[in-house]
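Report on the following structure.
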Amino acid sequence: MRLRLLTLLALAAVLLAPGASFAQGAFVSPVPPMPPAFDTPPPPDPGVLLIAPGPVTLDLYRVTADIKDQVATTHVEQTFSNPGDRPVEATYFFPIPQDAAITEFNMVVDGQVVEGQLMGKEQARAIYEDIVRQQRDPALLEYVGRDLFQARIFPIPPGGQRTIELTYSQVLPKENSLVRYTYPLRVYPLLQVGRRPEYVQPIGQLAIRADIEATSPIKAIYSPTHSIAVTRDGEFKAVAGYEGSNVIPTSDFDLFYSVDEGEIGLSLLSYKPAGEDGYFLLLAAPNVDVNPEEVVARDVILVLDTSGSMDGAKIQQARQAALYVLDRLNPDDRFNIVTFSTGVRQFDRGPQPLSRLGDARAFVNDLTAAGGTDINRALLEAVAQVDPDRPAVIIFLTDGLPTEGEVNPERIVENVRQNAPDNAQVFSFGVGYDVNTVLLDTVSQENSGASAYVQPGQAIDEIVSGFYAKVATPVLSNLALDTGSVFVEDSFPYPLPDLFAGSQLVLAGRYRDGGPAVVTLTGDVNGNPREFRYDDLTFRSEGGDAFIARLWATRKVGYLLNEIGRASCRERVCSVV
């Protein structure tokens, strides 16, 4: 199951003019070096836009989110003006959020709608990296691996305006009964472009509104980042809003809400066009109660990057994360620690009993950072320690790309695929902007795990500890779903992933004929079979929300692309070998 902890569903808009960039919601424009007093800027170079006085302003930034049962449809409207005395031409880039389906992308030019162009991940990656190489916005590296919309903004005449509108749908993540909606707004007030500083111009008017509707009573609604006003309409509807003038956003917009799930914890949305098969989206979060006496002992293998780039705060955070995990092992668990840089070093030759924890803590506290990054050897050393008779969890943390030993990501994936036992789960944590996200995602997905990414400045230890607090409890594994009399097919993800404590199953698929259904979810908890039955559900016989079909299509395309990538990887590796 692919989880992007704390970085799920990020979004940015980038507006680039000659010598200018738009970073996640605020227009950024470079200027030539100014005198220390910054009183009067010198004349601009040809094609360079000044910010003060600036020829382009973001007058209106309106975000409207319609959230129904954990599915959000977000509409974005941005109006740009040119108060200068010459036309301005720019290009608009919009990185598509993970698992989101763009439904509309329109640019209004003098009342006419101009469509955008969809670019695939590889072409998008080249654009992102080119912008970063010019040092305009390194935060764009967060969006590598995503599709991209691009639209050319026809020249904005002096005194004229251009309005861009788009709409996308996505399934919101939920952890421990809290649903999270995020719209990134964070910008960097001062960036360096060559020798020219960039100045962020305030947004004239920023308005964010979230209309929330749920089938269960809505409980808490709050934002840790913005001062919001909340209006409730009974138990099942609420509106949360924020407004500001002359705003330079310094943080993303985060909104959390919780619902009273009772004993059920399942939502079913369906859509069926007339005369066609239907589409469904199912979200299930069964309450998995575990008897402490039934907890199955496992082996936990920590794999820590100690290359030179980890020096300083990163290695300290890695130590704290490792100590957190060691201190929370169950009494019958075993553990080992593998560190890697140019070479690989182990705490011991194999999983050790908890009686060695004192020595392990001393080993962790003595870790230092130096050398290159041999990811391939570190992973192979870890999977080689897995006991086939015990569940194993491998926690892999790195801040870089492979630079030592085998550096071809495809071969690394294949090496792990050929050597990792079926009972090993791999959880990857990438730190910073230099990690190979495709490599870490693939290794984790193929080994029943998950991946997470930490931006510079975020606390690695908090991310890892928060994750381990969930997976430390047994998971619901070997999942199977029965929809009773309703025949379903072509569902994703496939196969069904394991469920961790506080997580949920998000399944999109097709169905033949609608009607009432009894849904049964079965799985194993510590080897013991469990069954969760959901009654009184109905697949629509006609009608519903069309975005469900787009969400299904997005997941199917993602699945097929992953399969193509894996097959291509295997073919290239075999041809080399």
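If you go through the stretch 222-237 and pick out every residue that is surrounded by 13 or more Cβ atoms within 10 Å (Cβ to Cβ) and polar (S, T, N, Q), you end up with 2.
Take the residues of the stretch 251-277 that are modelled with pLDDT of 80 or more and within 18 Å of residue 481 (Cα to Cα): which is least open to solvent (accessible area, probe 1.4 Å)? Only one residue tops the list, namely 270. Among the criteria (1) of a type in the set (A, V, I, L, M); (2) buried (at least 18 other Cβ atoms within 10 Å of the Cβ); (3) at pLDDT below 75; (4) in contact with a helix residue (DSSP H, G or I) (Cβ under 7 Å, 6 or more places away or on another chain), the one residue 475 does not fulfil is (4). I'd like to know if the stretch 352-363 contains one or more residues that are among the acidic types (Asp, Glu), assigned to a loop (DSSP other than H, G, I, E, B) and open to solvent by 50 Å² or more (accessible area, probe 1.4 Å). Within the stretch 352-363 (the criterion being among the acidic types (Asp, Glu), assigned to a loop (DSSP other than H, G, I, E, B) and open to solvent by 50 Å² or more (accessible area, probe 1.4 Å)), the answer is no, since none of the residues qualifies.
Please specify each residue of the stretch 58-72 satisfying the condition of being assigned to a strand (DSSP E or B) and open to solvent by 10 Å² or more (accessible area, probe 1.4 Å). 59, 60, 62, 64, 66, 68 - these are the residues of the stretch 58-72 that are assigned to a strand (DSSP E or B) and open to solvent by 10 Å² or more (accessible area, probe 1.4 Å).
Here is a yes/no grid of residues against (1) farther than 18 Å from residue 373 by Cα; (2) modelled with pLDDT under 85; (3) of a type in the set (Ser, Thr, Tyr):
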{"site": "288", "(1), (2), (3)": "yes, yes, no"}
{"site": "302", "(1), (2), (3)": "no, no, no"}
{"site": "305", "(1), (2), (3)": "no, no, no"}
{"site": "311", "(1), (2), (3)": "no, no, no"}
{"site": "334", "(1), (2), (3)": "yes, no, no"}
{"site": "339", "(1), (2), (3)": "no, no, yes"}
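Taking the stretch 418-448 as the range and being part of a helix (DSSP H, G or I), among the hydrophobic types (A, V, I, L, M, F, W, C) and modelled with pLDDT under 85 as the test, only 438 passes.
Pick from 439, 401, 357: which is touching a residue at least 60 places away in the same chain (Cβ under 8 Å) and among the hydrophobic types (A, V, I, L, M, F, W, C)? Full working, then the answer.
Details: 401 fails: touching a residue at least 60 places away in the same chain (Cβ under 8 Å); 357 fails: touching a residue at least 60 places away in the same chain (Cβ under 8 Å).
Of the residues listed, the single one that is touching a residue at least 60 places away in the same chain (Cβ under 8 Å) and among the hydrophobic types (A, V, I, L, M, F, W, C) is 439.
Within the stretch 290-300, restricting attention to residues that are of a type in the set (Asp, Glu) and at pLDDT below 90, the residue that is most open to solvent (accessible area, probe 1.4 Å) is 293.
Within the set 387, 434, the sole residue that is among the charged types (D, E, K, R), farther than 22 Å from residue 300 by Cβ and surrounded by fewer than 17 Cβ atoms within 10 Å (Cβ to Cβ) turns out to be 434.
Just one of (1) modelled with pLDDT of 80 or more; (2) surrounded by fewer than 18 Cβ atoms within 10 Å (Cβ to Cβ) fails for residue 459. It is (1). Scanning the stretch 74-90 for residues that are within 30 Å of residue 211 (Cα to Cα) and either open to solvent by less than 40 Å² (accessible area, probe 1.4 Å) or more than 20 Å from the chain's Cα centre (by Cα) (or both) yields 74, 76, 77, 78, 79, 80, 81. Being farther than 13 Å from residue 482 by Cα, assigned to a loop (DSSP other than H, G, I, E, B) and modelled with pLDDT of 80 or more is true of residue 513. Residues in the stretch 303-322 that are farther than 18 Å from residue 376 by Cβ and of a type in the set (S, T, N, Q): 316, 317, 320.
Contact map, the stretch 524-536: residues that are in contact (Cβ under 8 Å) with a residue 12 or more places away in the chain paired with residues that are open to solvent by 100 Å² or more (accessible area, probe 1.4 Å) and part of a strand (DSSP E or B), Cβ distance under 6 Å, separation 6+ or inter-chain. Pairs shown: 524/478.
Give the residue that is nearest to residue 257 (Cα to Cα), with candidates limited to residues of the stretch 180-199 that are surrounded by fewer than 21 Cβ atoms within 10 Å (Cβ to Cβ) and either at pLDDT 80 or above or of a type in the set (A, V, I, L, M) (or both). By that ranking, first place goes to 180. Criterion applied to 376, 330 was being outside any loop (DSSP other than H, G, I, E, B), out of contact with any Lys or Arg (no Cβ under 7 Å at 6 or more places or on another chain) and polar (S, T, N, Q), and the one residue passing it is 376. On the stretch given as the stretch 507-548, residues that are open to solvent by 20 Å² or more (accessible area, probe 1.4 Å) and of a type in the set (A, V, I, L, M, F, W, C) total 5. Among the criteria (1) at pLDDT below 90; (2) open to solvent by 10 Å² or more (accessible area, probe 1.4 Å); (3) in contact with a helix residue (DSSP H, G or I) (Cβ under 7 Å, 6 or more places away or on another chain), the one residue 318 does not fulfil is (2).
Looking only at residues of the stretch 396-417 that are open to solvent by 50 Å² or more (accessible area, probe 1.4 Å) and part of a helix (DSSP H, G or I), we find that the one that is nearest to residue 376 (Cα to Cα) is 411. Checking each residue in the stretch 481-505 for being open to solvent by 40 Å² or more (accessible area, probe 1.4 Å) and under 27 Å from residue 180 (Cα atoms) picks out 481, 493, 494, 495, 496.
The values are calculated or read from the model by the stated rules, or taken from the named source; none is laboratory data. Note that this is a predicted model, so its numbers are computed, not measured. Heads up, the Cβs are rebuilt from the backbone with ideal geometry, glycines too, and the neighbour counts pull from every protein chain shown. These area figures cover heavy atoms from the full protein model, side chains too; ligands, DNA and RNA do not enter into them. Shrake-Rupley method; radii C 1.70, N 1.55, O 1.52, S 1.80 Å.
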